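What follows is one structure encoded as structure tokens, with my remarks underneath.
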Amino acid sequence: MKRAITAITLYFLLALAILQNWLFAAVLLIIIFSYQFGGASLIPLAFLIDGYFGNFESVPYLSIFSVVWYLLVEYVRPKVARLGDTDL
């Protein structure tokens, strides 16, 4: 239950940070959210924000970036998790 509340809180804070143009906070929240919960649920948020700002009339940069970010996170996340498993 605590994990779900954390995910929802981070998700709403991320949406607020992007809508208010708090880019440094948004980047930090994206990194934290992606490491803990994966990047798949960031894609619908990016599509909604691109639609809100009308970016589908031109190039929807946020949506494209979210798909690329998802692919990057899914590639890097297992490698980062394995770093903590090694015994030196």
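All of the numbers you see were taken from the coordinates with simple rules; none came from a lab. These numbers come from a predicted model, not from an experiment. Reconstructed Cβ throughout: ideal geometry from the backbone, glycine too, with neighbour counts over all protein chains shown.
Could you give each residue of segment 49-54 its phi-based ³J(HN,Hα) in whole Hz, using Karplus coefficients 6.51, -1.76, 1.60 with θ = phi - 60°, and x for Gly or Pro?
Residue by residue, segment 49-54 yields 5, 4, x, 4, 8, x Hz.
Just going by the charge dipole of segment 2-83, with Lys and Arg at +1 and Asp and Glu at -1 on Cβ, which of Y75, P60, W22 is farthest out on the positive end?
Y75
With a/c under 1.5 counting as rounded, go ahead and sort segment 2-83 into rounded, prolate or oblate using the C-alpha gyration tensor (a ≥ b ≥ c being the square roots of the eigenvalues; past the cut-off, prolate if a/b is larger than b/c, else oblate).
Note, shape of segment 2-83 comes out oblate.
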